[in-house]
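A quick write-up on the structure given underneath.
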Amino acid sequence: MFDKQRLKWLLNSTFGLLLAFAFVLLLQWLLLLTGKTVSHFQGQIQWNGFDFHITARHWNFYQVMALYLFPELFFVLLFIFFPWRPKFPVKTPEILQLFLGWTGLILLVKTFFIPFADVFYHRNLFFALSWSGFSRPFQYGIVIMAMMIFLINIFAVSAVFSPLLPSFADLSPGKKLLQLLFLWYLPFGIWAGCIYFFSGNHFFYPVNFLLIGMGLVLMVNTPYMMSYRVIVR
């Protein structure tokens with residue numbers, strides 16, 4: 001079960017996922033610091049588990065834009081231009097390909113899945129849109145569009161990871177599932193365990209929905225990968 005190749009996938013994929021999560025988290029922190037500086041924000045930005053809690057007594061339009069809407073727009077553009085989809089023939093080193101794949105998956109869920117939860121549970125993006133005067137139907141329209149983009153791109157994950165499994169099509173279903181266990185599910189479980197441990201045995205919002213969204217994407221892509229109907233552009 002633990003042959004050298006599977007152990008290599010487990011280590012590289014886990015490292016790539018942890019690095020991707022740290023990269024996105026650090027990028028969000030830098031965006032918030034930049035927004036705080038340019039908008040002369042006088043409130044506080046605090047770490048809350050693996051997210052940020054923003055508090056202030058007074059807000060203005062520029063602060064809402066700088067601390068909420070601008071970072072959301074930035075991540076949308078980053079997802080569009082981020083080079084996470086490989087092109088054939090794939091020449092990217094395995095560890096870099098895993099980092100890019102996990103980063104793209106995190107960006108997909110963070111940018112287009114979590115906004116739906118924000119509006120539904122009245123968090124983060126909901127505050128920014130409501131404060132800016134956008135009506136509730138308009139907010140629902142935005143998150144429905146985001147969810148449509150999420151669903152359109154959900155199977156891109158298979159195309160990202162499939163080049164790492166060159167002989168996958170010739171394997172039995174049991175061996176295919178075993179390879180996906182080492183490539184996806186064990187690294188995902190280790191990462192989730194680290195978040196749970198370092199968050200004080202809690203899954204704080206919105207990291208809990210990040211986990212739900214990513215787990216959903218992996219499960220949906222599993223039968224797609226098992227049948228190996230994957231096209232690498």
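The values are calculated or read from the model by the stated rules, or taken from the named source; none is laboratory data. No experiment lies behind these values; they were computed from the predicted model shown. Every residue, glycine as well, gets a Cβ built from its backbone with ideal geometry; the counts of neighbours run over all protein chains shown. What goes into the accessible areas is simple: the full protein's heavy atoms, side chains included, and nothing from ligands, DNA or RNA. Shrake-Rupley method; radii C 1.70, N 1.55, O 1.52, S 1.80 Å.
A few remarks follow.
- One residue from LEU33, LEU27, LEU78, LEU73 being among the aliphatic types (A, V, I, L, M) and in contact with a helix residue (DSSP H, G or I) (Cβ under 7 Å, 6 or more places away or on another chain): LEU78
- Condition met for PHE41 (more than 21 Å from the chain's Cα centre (by Cα) and exposed (fewer than 13 other Cβ atoms within 10 Å of the Cβ)): no
- Selected residue (criterion: least open to solvent (accessible area, probe 1.4 Å)) from residues of region 196-219 that are hydrophobic (A, V, I, L, M, F, W, C) and over 14 Å from the mean Cα position of the chain (by Cα): PHE204
- Of the helices (runs of 4 or more DSSP H) lying entirely inside region 116-231, those containing at least 1 residues that are in contact (Cβ under 8 Å) with a residue 24 or more places away in the chain and under 20 Å from LEU11 (Cβ atoms) are 156-161, 173-180, 186-198, 207-227.
- Near pairs, Cβ below 7 angstrom, 6+ apart or cross-chain, from region 45-60 (on the phi > 0 side of the Ramachandran plot) to any residue that is crowded, with 17+ Cβ neighbours inside 10 Å: GLY49/VAL207
- Restricting region 124-143 to residues that are open to solvent by 90 Å² or more (accessible area, probe 1.4 Å) and at pLDDT 90 or above, the residue that is nearest to TYR205 (Cα to Cα): TYR140
- Looking only at residues in region 56-93 that are open to solvent by 50 Å² or more (accessible area, probe 1.4 Å) and of a type in the set (Ser, Thr, Tyr), the one that is modelled with the lowest pLDDT is THR92.
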